[in-house]
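Inspection log for the structure reproduced underneath, given as structure tokens.
The values are calculated or read from the model by the stated rules, or taken from the named source; none is laboratory data. None of these values were measured; they are calculated from a predicted model. Here Cβ is always computed from backbone atoms with ideal geometry, including for glycine, and neighbour counts include all displayed protein chains. To get the accessible areas, we keep the full protein, side chains included, count just its heavy atoms, and leave off ligands, DNA and RNA. Shrake-Rupley method; radii C 1.70, N 1.55, O 1.52, S 1.80 Å.
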Amino acid sequence: MNEKALNTLEYYKIIERLAQMATSEPGRKKCLSLKPMRDAGEIREAQLQTKDALSRLFKQDSVNFGGNKNVHYLCKHLAIGGTISQEELLMVASLLENTARVKNYGRANREEIEDSLSPLFDELEPLTPLSTEIRRCILSADEIADDASPTLKHIRRSITLTGEKIHSQLLSMVNGSLRTYLQDAVITQRDGRYCVPVKSEHKAQVPGMVHDQSATGSTLFIEPAAIVELNNKIRELTIQEKDEIAEIIKTLSAACSEHQEVIRHNGVVMTQLDFIFAKARLALEQNATEPVFNEEGIVRIRKGRHPLLDPKKVVPIDIQLGEEFDQLIITGPNTGGKTVSIKTVGLFTLMGQAGLHIPALDRSQLAIYHNVFADIGDEQSIEQSLSTFSSHMTNIVYILKKADKRCLCLFDELCAGTDPTEGAALAISILSGLHERGIRTLATTHYSELKVYALSTPGVSNACCEFDVETLSPTYKLLIGIPGKSNAFAISSKLGLPNHVIERAKAQMSEDAKSFEDMMSDLESSRITIEKEREEIASYKQEIAALKQRLENKQDKLDSTRDDILRKANEEAREILQEAKQVADETIRNFQKYGSATPMKEMEAQRTKVREHLSKKNEKLSLKAKESEKGSLSPKDCKLGERVTVLSMNLKGTISSKPDAKGYLFVTCGIMRSKVHISDLKLSPEEEIKAPMIAGSSGKIKMSKAANISTEINLLGLTVDEAISKLDKYLDDAYISHLPSVRIVHGKGTGALRNAVHSHLRRQKYIASFRLGEFGEGDAGVTIAEFK
């Protein structure tokens, strides 16, 4: 890749930031050596690794590679049988321990995470026994543990015991016979041997070896003859200790030598993982995504942000190249963002081909280029006696010579710094040549001729950086397909330049230039209007979508509430029915058990008890009737036998008593007789039906449904309880319908059902008499009952 472009596009600043994301020194060095690649397979693999590492950072905690060290030279030394130092052994142990932690990190959630990094984690071999042994033997870079070997432990114990003997003897001397000859009552060391400070004038009174004297010569450091042998022994033990430590280091080095290839490979893999996770951390910091690569030269960046600009201030841009056009000419005022736009494309290309994610929306596309050329910035060189134009032209000549259709060319202020007419002509010629060769090109310019060139040449498009004349500030929005204006007159006017000067300047322009600038102004005005309308439409769409979502949520809530209410109501109804059935069954069993032998008073008490129980339930569970459904009956409307609806229970029944002073009365609903208030009743509409029993009637009359009651009821196949319940309701309806008699079919069988029917008939006050059927009526399988 062109080194000049890497510097011009500030690629190395990104790499320096990447290196800061690495957690080990080898990882940082690998980051600093990262260069863009050309092979599509390598690029996609690097991008996939970055993506997978980023995914792991989202799902798991970050991983640290701080224990990773450069052990390559150590492994070479071990491979030839060399011995390494304590510090180097600790470096190996640190690498292996960090390897174990990283491998465990890779194993975490292995069932859920299986990606391109899994093979790298699998390649790691922590060699835990080796790192444990090194840590056991070596406490620090200058300290070996006593337990490193039995021999070392014995030697150090001997040194300690010998030292204690020397101290004991010297203390007895210092505090005894030698006290008057000493400068101070202390024990010191010189050259590793124990001595006492003796006054020089008493040298003869303290036999021994002189090892040192004070600066003034008044004190001599003498090793008493009594401890010379013990000091010699300590010196011998110290030498033995040093030899034993060397042996331990050698043994540990030999153990490392056996695994030097594994240790070296662990270092390589750890460095690679640190490098990959550094790319992921950079992507996380920049809120970057994986670009989609193609080899057709198509670039489509969605909301791209230059990574070196303040993320809180940078304005995202949408830019495309290589699909509908292969050249993009960007115009507009200075400081409007033209240079940043082409730098963004160039830098994204370099970052993407280096395996880095780009700070843009997902599904952004980048092309794989074999080289990127950039002519950006002030290239003036005093040393080479080159002006700005000359230095730019030197660079352009080089680019034209090296570039081909697999390259991306970026030009900032193409052919500026010379006569505008000649510069514009030269710029058009250069761009035409690149266009004919199919080279993807982005260029910025102030030349109006290049705008016309882009408008009139197929495969070339204009673009501009939007500028707000009112505030004299750029918006940094890149608008593709629209040529820009330099806005020199408008900016000058806003800054206070007299109008007559501006008018005189406009008069200097040709008519074609004026009409072109006017057309540009009209286009800009139309574009702003369309843009505002588009934003309003988008806002309305969002508002409609939000309202729709709120309505859907409200409907879902209502549906859920309705379902809950229905479910609870059904459960309560089931409980009420079950309890009512149990009470009714118990009462019926009592009536059947005692039959006619039960006093009427006791039977009535049982019945009253059932009515009261059901009334309490009704009062407890009744719902407040709607205002429109509230009963409007007056006491005079309450006639015996009148069909009414009990609103709280939603049941139809018949009035069986007059209301009392408080407005309460009894209503019979099937076999249930309930006490309700007159306000809980409303008249039940009666159906209009044909009256077949009245000959010559005028047509329709008002009648109750009970007029359709049959003169016969069939109880065959029912249990006694079921039959009596059905019969009781039937008799009520038949009596209200004013039938003279009814035919009850109960069958012969064992006679149990017949006896139960007869017992029930005896208890009914409105039954005048009953008898078994005669021949032709059903014999003993039928009972004929007559009403009063």
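Summary table
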item	result
Segment 1-113, accessible area per residue, ligands and nucleic acids excluded (1.4 Å, Å²)	49 Å²
Point-to-point label distance, D559-K76, nm (Cα→Cβ direction, 7 Å offset)	7.3 nm
Positive-end extreme of charge dipole, segment 128-172 - chosen from I144, Q169, S131 (charges on Cβ)	Q169
Mean-position separation - Cα centroids, segment 733-762 and segment 207-283, in angstrom	117 Å
Segment 735-788: chymotrypsin sites (Phe, Trp or Tyr not before Pro) in DSSP loop, at most 15 other beta carbons within 10 Å	Y766, F775
Two-decimal ratio, segment 1-95, of alpha-carbon radius of gyration to 2.2 N^0.38 Å	1.41
Relative contact order (percent, whole number), segment 1-104, Cα cutoff 8 Å, 6+ residue spacing	25 percent
³J(HN,Hα), Karplus 6.51/-1.76/1.60, whole Hz, each residue of segment 285-293, x for Gly, Pro	5, 8, 6, 9, 10, 7, x, 9, 9
Shape call, segment 275-360: gyration tensor on alpha carbons, a/c limit 1.5	oblate
³J(HN,Hα) computed for each position of segment 447-456 - Karplus, 6.51 cos²θ - 1.76 cosθ + 1.60, integer Hz, glycine/proline x	6, 5, 4, 6, 5, 5, 4, 5, 5, 9
Pairs beyond 29 Å (Cα-Cα), from K30/K242; K29/K402; K59/K312; K402/K451; K313/K548	K30/K242; K29/K402; K313/K548
K477 - accessible surface, heavy atoms, 1.4 Å probe, Å² rounded to 10	90 Å²
Mean separation of Cα contacts under 8 Å (6+ apart) over length of segment 179-287, as relative contact order %	16 percent
List V269, V210, ordered by accessible area with a 1.4 Å probe, largest first	V210, V269
For M21, net neighbour charge (Lys/Arg +1, Asp/Glu -1) across residues whose Cβ lies under 14 Å away	+3
For L366, distant residues with modelled amide H under 5 Å away	V292, F293, N294, R300
Exposure of R44 as accessible area (Å², to 10), given a probe of 1.4 Å and all protein chains	110 Å²
J(HN,Hα) series, segment 409-415, from Karplus relation 6.51 cos²θ - 1.76 cosθ + 1.60, nearest Hz, glycine and proline x	10, 10, 10, 10, 6, 4, 6
